[in-house]
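Colleague: Got a structure for you, questions after.
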Amino acid sequence: MEIKVMKKVMQANIEKATEIRDLLNRKNILMVNLIGSPGAGKTLLIEKTLVRLKEKYNIATIEGDIASNKDALRLQKYRIPVVLINTYGSCHLDSATVEKAILELDLDSLDLIFVENVGNLVCPAEFDIGEDIKVAVASTAEGDDKPEKYPLLFREAGLVLLNKVDLIPYTNFDIKIFNSSVRKLNGLLPIYEVSCVDENSLEGWIDWLEESIRNKTGIAVPI
Ligand code: MG
Ligand code: ZN
């Protein structure tokens, strides 16, 4: 019985996610779903990315959090549309909730929607929310064993941001172990080593994101 109910929930989630994907395709908007554990640095990565790209593209952010508006408040100073979703206990975003947030945005004036999922490495990877790409955010402070312990996220992700590489000297994080575990799960997955205290480390990620925005929106490469 329980399995039957769960199947229904997952099926309804996929159907709604497909509707979202169709809508965003019609509107030429790229949607990026950032997934990582609490404290991996998702919000700060979004902030650093906004500083670089918000004058060039029209960006909105959907902030998923179990409780509080702390992260949404942090994004206010960038003067972009921010929609906060408090899940009140649910440990992931689903497509029905994300659809409500998307419908609060002016979709005719957007190029990119960031979704910061609820901090959790498990079920956000299971729930399609209609995104173009899932980005796995891992940080060196969490240890190099996360791909082995939470394989689904790294199978589903289209990109890995390995954050806080500046902390490696103070941890026992082994970057070779991390990279080879990711490669075993998903051989072609790009891994960008980033640190929010070193702006230059963000170049690869920013270039990748800009290329993805251009591919989706048709915005020409600035000369
Ligand atoms: Mg956050
Ligand atoms: Zn969950």
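The values are calculated or read from the model by the stated rules, or taken from the named source; none is laboratory data. Since the model is a prediction, treat every value here as computed from it, not as a measurement. Note: ideal-geometry Cβ built from the backbone for every residue, glycine included; neighbour counts use all protein chains shown. Note: areas computed on protein heavy atoms with side chains; ligands, DNA, RNA excluded. Shrake-Rupley method; radii C 1.70, N 1.55, O 1.52, S 1.80 Å.
Colleague: Quick one: Phe178 ticks every box in (1) open to solvent by less than 70 Å² (accessible area, probe 1.4 Å); (2) under 19 Å from Val32 (Cα atoms) except a single one, so which number is it?
Modeller: (2)
Colleague: Identify the residue in segment 124-148 that is in a helix (DSSP H, G or I) and in contact with a Ser or Thr (Cβ under 9 Å, 6 or more places away or on another chain) and, among all such residues, is farthest from ligand 1 (Cβ to nearest atom).
Modeller: Here the answer is Glu148.
Colleague: Now for a separate question. For Lys56, which of the numbered conditions (1) out of contact with any strand residue (DSSP E or B) (no Cβ under 7 Å at 6 or more places or on another chain); (2) under 28 Å from Arg155 (Cβ atoms) fails to hold?
Modeller: Result: Lys56 passes all but (2).
Colleague: Going through Ile62, Ile80 one at a time, which residue ends up being closer than 26 Å to Cys196 by Cα, aliphatic (A, V, I, L, M), in contact (Cβ under 8 Å) with a residue 24 or more places away in the chain and within 14 Å of ligand 1 (Cβ to nearest atom)?
Modeller: Ile62
Colleague: Under the condition of being over 14 Å from the mean Cα position of the chain (by Cα), among the aliphatic types (A, V, I, L, M) and within 16 Å of ligand 1 (Cβ to nearest atom), which residue from segment 83-123 is farthest from Ala40 (Cα to Cα)?
Modeller: Ala101
Colleague: Considering only segment 147-157, state which residues are crowded, with 22+ Cβ neighbours inside 10 Å and not aromatic (Phe, Trp, Tyr).
Modeller: Pro147, Leu153, Ala157
Colleague: Before we move on, is Ala136 open to solvent by less than 10 Å² (accessible area, probe 1.4 Å), under 22 Å from Lys7 (Cβ atoms) and in contact with a strand residue (DSSP E or B) (Cβ under 9 Å, 6 or more places away or on another chain)?
Modeller: No.
Colleague: Also: Could you tell me which of the residues Leu162, Leu202, Leu167, Leu209 is among the aliphatic types (A, V, I, L, M), assigned to a helix (DSSP H, G or I) and under 17 Å from Ser37 (Cβ atoms)?
Modeller: Answer to the check: Leu167.
Colleague: Next question, about the same structure. With Val160, Val165 as the choices, which residue is away from ligand 1 (no atom under 16 Å from the Cβ), touching a residue at least 24 places away in the same chain (Cβ under 8 Å), open to solvent by less than 30 Å² (accessible area, probe 1.4 Å) and under 17 Å from Gly204 (Cα atoms)?
Modeller: Of Val160, Val165, the one residue that is away from ligand 1 (no atom under 16 Å from the Cβ), touching a residue at least 24 places away in the same chain (Cβ under 8 Å), open to solvent by less than 30 Å² (accessible area, probe 1.4 Å) and under 17 Å from Gly204 (Cα atoms) is Val160.
Colleague: Kindly indicate the residue of segment 41-71 that is closer than 21 Å to Ile102 by Cβ, over 15 Å from the mean Cα position of the chain (by Cα) and not polar (S, T, N, Q) and also nearest to ligand 2 (Cβ to nearest atom) among those meeting that condition.
Modeller: Of everything passing the filter in segment 41-71, Ile66 is nearest to ligand 2 (Cβ to nearest atom).
Colleague: For segment 190-215, what are the residues that are surrounded by fewer than 18 Cβ atoms within 10 Å (Cβ to Cβ) and over 15 Å from Ile46 (Cα atoms)?
Modeller: Pro190, Asn200, Glu211, Ser212, Arg214, Asn215
Colleague: Could you grab me the full set of residues in segment 174-202 that are touching a strand residue (DSSP E or B) at 6+ places or on another chain (Cβ under 9 Å) and more than 15 Å from Val135 (Cα to Cα)?
Modeller: Once the filter is applied, which keeps residues that are touching a strand residue (DSSP E or B) at 6+ places or on another chain (Cβ under 9 Å) and more than 15 Å from Val135 (Cα to Cα), segment 174-202 yields Ile175, Phe178, Asn179, Arg183, Ser195, Cys196, Ser201.
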